[in-house]
Amino acid sequence: MPPSPPAPRLLLLLALLIACAASGVGCSAPRFAQLDRLRELHQRERRPAAEQVDAARGLLARLLPSHSASFEFRVVSTEQCGGKACFIINNHPSFDGEATPEILILGASGVEISAGLHWYLKNYCAAHTSWAKTGGSQLSSVPYPGSLPRVPAGGILIQRPVDWSYYQNAVTSSYSFAWWDWERWEKEIDWMALQGINLPLAFTGQETIWQKVFQRYNISKSDLDDFFGGPAFLSWSRMANMHGWGGPLPQTWLDDQLTLQKKILSRMYAFGMSPVLPAFSGNIPAALKLKFPSAKVTHLGNWFTVDSNPRWCCTYLLDASDPLYVEIGKLFIEEQIREYGRTSHVYNCDTFDENTPPLSDPNYISSLGAATFRAMQSGDDDAIWLMQGWLFTYDPFWEPPQMKALLHSVPVGRMIVLDLYAEVKPVWINSDQCMLHNFAADFEMYGILDAVASGPIDARLSEKSTMVGVGMSMEGIEQNPIVYDLMSEMGFHHRQVDLQVWVETYPTRRYGKSVVGLQDAWRILHQTLYNCTDGKNDKNRDVIVAFPDVEPFVIQTPGLCTRTSKNYSTMPSENSVLRDASNDAYDQPHIWYDTIAVIHALELFLEYGDEVSDSNTFRYDLVDLTRQALAKYANQIFLKIIQGYKSNNINQVTTLCERFLNIVEDLDVLLASHEGFLLGPWLESAKGLARDHEQEIQYEWNARTQITMWFDNTETKASLLRDYANKYWSGLLRDYYGPRAAIYFKHLISSLKKKEPFALEEWRREWISLTNNWQSDMKVFTTTATGDTLNISRALYIKYLRNADSLGLDGMDSFGKPASL
């Protein structure tokens, strides 16, 4: 979601809480009748045991086909698990050779069985599973069939400390899933099952359900063309942030997505998962207001359009007190159940997600919450409302009276709140908690491993805890695999994880080989990149991918005479980049670690890399680490360019501008060496869902726009969300980020040569034109990696980082000092 109020969300530690603590209910041992009933319903309505076993066996065949005969799976009752969901790993009693099962895994569902398989492979075979883009799975360490490691006599029993492991954010469907087909979804559901996820969002295809509901009110497809966003922007039209942007949706898109959703749900149910369906939040098309002129409708305010452009902004919210509210909400729930054939009884609805309510009166807030739940319950008497708690962190509107009014509007035990930012700013400490970790699927090696390892435990054991689950709610996936590897375990840990031991074994599992030098490197990374304790949000604003749209004198550097609009003044001797308060045009890059230590970790990767150079997971990590170091170095180069400009040193500016552009070009070559850092797959997958050339043009424009300008612009006013979904992708650096920086540098040098002010408006006109042309271009980018990652990284280290300190100029800190930006 947007960057503006600086409160990004991290993803991982999403603790689910029941809205009860403030209601006077004793919560030290959270047992609520409705949640007990939900557990019973889930157990009773799950697919037959044989189907869940088949789902787990299908996963095994796709993951490790050579070992399909090595495992036997069985579904058991929770009574056999001691009353909790669990998995049990045993040595198979009938094992007598290579062709017979060696390991028997019992589980309360197909998910528990799959999680048990993952636990065994991870802890007994030193294996590793990850998204394909982050290197994929490392299974070379798994012994051949017939020689799998034995577990202790009596087996291993692992119980869930809390009921649910939740997955996804309301915007993940746009930042990561927008262009997925069934083949990619099947891999993701396998990954979910291995991680033990049993409560995933299932938002695909809901526009088709809405189309069917609104047809009952004589609202046509053409009426909805202005309501739904384009394929890459559906998350925000669903949340009433905007309408129409990137659309209209072709009917074939609507039909295909509904078909895809049915496959997704079928597989989730086959594993025994409980997919979370959407519910009505009051967001309505403008056509409904016209057909029901007496309906109580609020016209919401602007959400990040440049000039409050009504073509995209200012959506309509049906008042909760209007009879249509419950009626429409009921129809939406009923239509989903009719279309899908069943439900898990858990529904997500985020009222005012990044939209401020029109009234602060607690009575109004309470009536809205009550009506929202009544609409769900009217369609499903056993409905549970699941809500992201992000609005309580994001918007200062939500003070205790408003929070209490919303949370108390629903019967105790009928609302689950996701504490969405719990790894950084846990709400449960003050009221009730979750974890977010990534914004807009951008690239930044970042995490708070210590908080991930302890936060869920602390939340569960806290006084009056109403925590019922843990989870991951990142805006985008396929990054920082170490964070997700650890967080997925937390759904099964009863005590804090010994991180020293865990981190020491991580590279062995990830690369398939124990290399002491790489273990040392990961210890450093744990204490630096993955130890962000400054309490600040992390959203990647590196200069390369989020170039500043400001006049250069706005960017302040230490020890220099800096011009203002009227005079010159000496700035403090602190190397800081300040935000242009007038137009919010420059976000300060976040640096929270000792960059010299990180470069030392990179040196260890390069020194010991030959031992694991054939590992795809190692190559991914090496690209990412080199990218991280070079990006921060480029930030320093940029500041020195600005320093040279302020000193009227045209030679310094010219030399360093060339160096900056060389870094961008060289980074593109590095990124091209691994499939996880390519632009081509994002664009080709978008076109792959098109039925004709016209749709190819529309879908590719959506894909290109999301990662660059994001939202609307004029000739000289860039989108307020520009670069929010920036990406370090090969092709994007070479064809867009590099040329954009070159335009800015051209105007810098021209300003010095002509002794004229920086041509800010001309810069804006040129780079916005560049961006809009790039959005509409259809140049094809490769989907195949090229180049030797280890050799490229070594060359770039020698070229830029080995003697990075030698860049130092008078008045500037040398590169590598902690918090040097």
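Summary table
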{"item": "Of all residues making up segment 75-87, the number that are closer than 14 Å to GLY155 by Cβ and either out of contact with any helix residue (DSSP H, G or I) (no Cβ under 7 Å at 6 or more places or on another chain) or modelled with pLDDT under 95 (or both)", "result": "4"}
{"item": "ASP322 vs. criteria within 28 Å of TYR217 (Cβ to Cβ), surrounded by fewer than 20 Cβ atoms within 10 Å (Cβ to Cβ) and touching a His at 6+ places or on another chain (Cβ under 7 Å)", "result": "no"}
{"item": "Counted residues, segment 336-385 - those being more than 27 Å from the chain's Cα centre (by Cα), closer than 17 Å to ALA405 by Cβ and β-branched (Val, Ile, Thr)", "result": "1"}
{"item": "Unmet criterion (only one of (1) of a type in the set (S, T, N, Q); (2) open to solvent by less than 60 Å² (accessible area, probe 1.4 Å); (3) at pLDDT 50 or above) for SER820", "result": "(3)"}
{"item": "Residue, farthest from VAL669 (Cα to Cα), within segment 791-811, restricted to residues that are at pLDDT 85 or above and of a type in the set (D, E, K, R)", "result": "ARG802"}
{"item": "Count of residues meeting criterion [among the small types (Gly, Ala, Ser), at pLDDT 90 or above and not in a loop (DSSP other than H, G, I, E, B)] in segment 25-69", "result": "7"}
{"item": "Pair list, Cβ < 6 Å and 6+ apart or interchain, from segment 108-125 residues that are free of Cβ contacts under 8 Å to residues at least 24 places away in the same chain and farther than 16 Å from ALA270 by Cβ to residues that are crowded, with 19+ Cβ neighbours inside 10 Å and of a type in the set (S, T, N, Q)", "result": "none"}
{"item": "Single condition ARG414 does not satisfy, out of (1) surrounded by 22 or more Cβ atoms within 10 Å (Cβ to Cβ); (2) modelled with pLDDT of 90 or more", "result": "(1)"}
{"item": "Segment 166-193, residues that are in a loop (DSSP other than H, G, I, E, B) and at pLDDT 95 or above", "result": "SER176, PHE177, ALA178, TRP179, TRP180, ASP181"}
{"item": "Qualifying residue in segment 341-364 (condition: closer than 30 Å to ARG267 by Cα, open to solvent by 20 Å² or more (accessible area, probe 1.4 Å), of a type in the set (Phe, Trp, Tyr) and in a helix (DSSP H, G or I))", "result": "no"}
{"item": "Failed item in (1) crowded, with 23+ Cβ neighbours inside 10 Å; (2) touching a Phe, Trp or Tyr at 6+ places or on another chain (Cβ under 9 Å), with CYS81 passing the rest", "result": "(1)"}
{"item": "Among the candidates LEU157, LEU148, residue that is surrounded by fewer than 23 Cβ atoms within 10 Å (Cβ to Cβ), assigned to a strand (DSSP E or B) and in contact with a helix residue (DSSP H, G or I) (Cβ under 8 Å, 6 or more places away or on another chain)", "result": "LEU157"}
{"item": "Conditions (1) over 16 Å from ASP450 (Cα atoms); (2) in contact with a Gly (Cβ under 9 Å, 6 or more places away or on another chain); number of the one not met by CYS532", "result": "(1)"}
{"item": "Sole residue being in the same structural domain as ARG509 (by the TED database), under 23 Å from the mean Cα position of the chain (by Cα) and open to solvent by 10 Å² or more (accessible area, probe 1.4 Å), chosen from SER137, SER173, SER130", "result": "SER173"}
{"item": "From the options GLU762, GLU756, residue that is outside any helix (DSSP H, G or I) and surrounded by fewer than 17 Cβ atoms within 10 Å (Cβ to Cβ)", "result": "GLU756"}
{"item": "Positions within segment 439-456 being hydrophobic (A, V, I, L, M, F, W, C), open to solvent by less than 10 Å² (accessible area, probe 1.4 Å), in contact (Cβ under 8 Å) with a residue 60 or more places away in the chain and farther than 18 Å from GLY135 by Cβ, in sequence order", "result": "PHE439, ALA440, LEU449, VAL452"}
{"item": "Segment 732-759 residues that are without any contact (Cβ under 8 Å) to a residue 12 or more places away in the chain, paired with ones that are part of a helix (DSSP H, G or I) and open to solvent by 10 Å² or more (accessible area, probe 1.4 Å) (beta carbon under 9 Å, 6 or more apart)", "result": "LYS746/GLU766; GLU756/SER750"}
{"item": "LEU678 under 19 Å from the mean Cα position of the chain (by Cα) and more than 30 Å from GLY244 (Cβ to Cβ)", "result": "yes"}
{"item": "Residues of segment 249-274 satisfying the condition of being within 30 Å of ALA320 (Cβ to Cβ) and either crowded, with 22+ Cβ neighbours inside 10 Å or free of Cβ contacts under 8 Å to residues at least 24 places away in the same chain (or both)", "result": "LEU249, GLN261, LEU265, SER274"}
{"item": "Given (1) surrounded by fewer than 17 Cβ atoms within 10 Å (Cβ to Cβ); (2) in contact with a Leu (Cβ under 8 Å, 6 or more places away or on another chain), number of the condition ALA785 does not satisfy", "result": "(1)"}
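The values are calculated or read from the model by the stated rules, or taken from the named source; none is laboratory data. Source: prediction; values computed, not measured. Using ideal geometry, Cβ is built from the backbone for each residue, glycine included, and neighbour counts are taken over all protein chains shown. For the accessible areas, the whole protein counts, side chains as well, though only heavy atoms, and no ligand, DNA or RNA atoms are used. Shrake-Rupley method; radii C 1.70, N 1.55, O 1.52, S 1.80 Å.
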